[in-house]
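This report refers to the structure that appears directly beneath it.
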C-alpha cells in the first residue's frame, strides 16, 4: 500500500488524488501496442484500497486495468514503471 498525503501524478502526468492506494503487480502485454512503453515488462498498478478489499485475490489483467483507470478517472491506467 501507498498513501499520498497530497495529489501526485503518474509518469503520464495523470493526477492521483490524496488517499490510500494498493499497488498491484502486473506484466505489460506483449501485444505490440506496449513495446516501447518501458524497458521492463513488470510494473505496478495503482488501485483505490476501497476497490481492492482482498489483496491476496488474483485478478485478471483487464480487471486490474479497469480498477487502476478508476483511480485516475482517465482512460489509461495508473502504472508505475521501474526506472
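Would you say residue 15 is touching a helix residue (DSSP H, G or I) at 6+ places or on another chain (Cβ under 8 Å), modelled with pLDDT under 90 and surrounded by 11 or more Cβ atoms within 10 Å (Cβ to Cβ)? Yes. When restricted to residues that are closer than 21 Å to residue 62 by Cβ and either in a strand (DSSP E or B) or at pLDDT 90 or above (or both), the range 18-36 contains 7. Please name all residue pairs, on different chains or six or more residues apart, with Cβ atoms under 7 Å, provided the first residue is in the range 40-59 and is modelled with pLDDT under 90 and the second residue is exposed (fewer than 13 other Cβ atoms within 10 Å of the Cβ) and part of a loop (DSSP other than H, G, I, E, B). As it stands, the answer is 40/82; 42/82, since those pairs meet every condition given. Is it the case that the range 67-83 has a residue that's surrounded by 13 or more Cβ atoms within 10 Å (Cβ to Cβ), touching a helix residue (DSSP H, G or I) at 6+ places or on another chain (Cβ under 6 Å) and at pLDDT 90 or above? Within the range 67-83, one or more residues are surrounded by 13 or more Cβ atoms within 10 Å (Cβ to Cβ), touching a helix residue (DSSP H, G or I) at 6+ places or on another chain (Cβ under 6 Å) and at pLDDT 90 or above.
The values are calculated or read from the model by the stated rules, or taken from the named source; none is laboratory data. Note that the structure is a prediction, hence the values are computed from the model and not measured. Cβ atoms come from the backbone with ideal geometry, glycine included; neighbour counts cover every protein chain shown.
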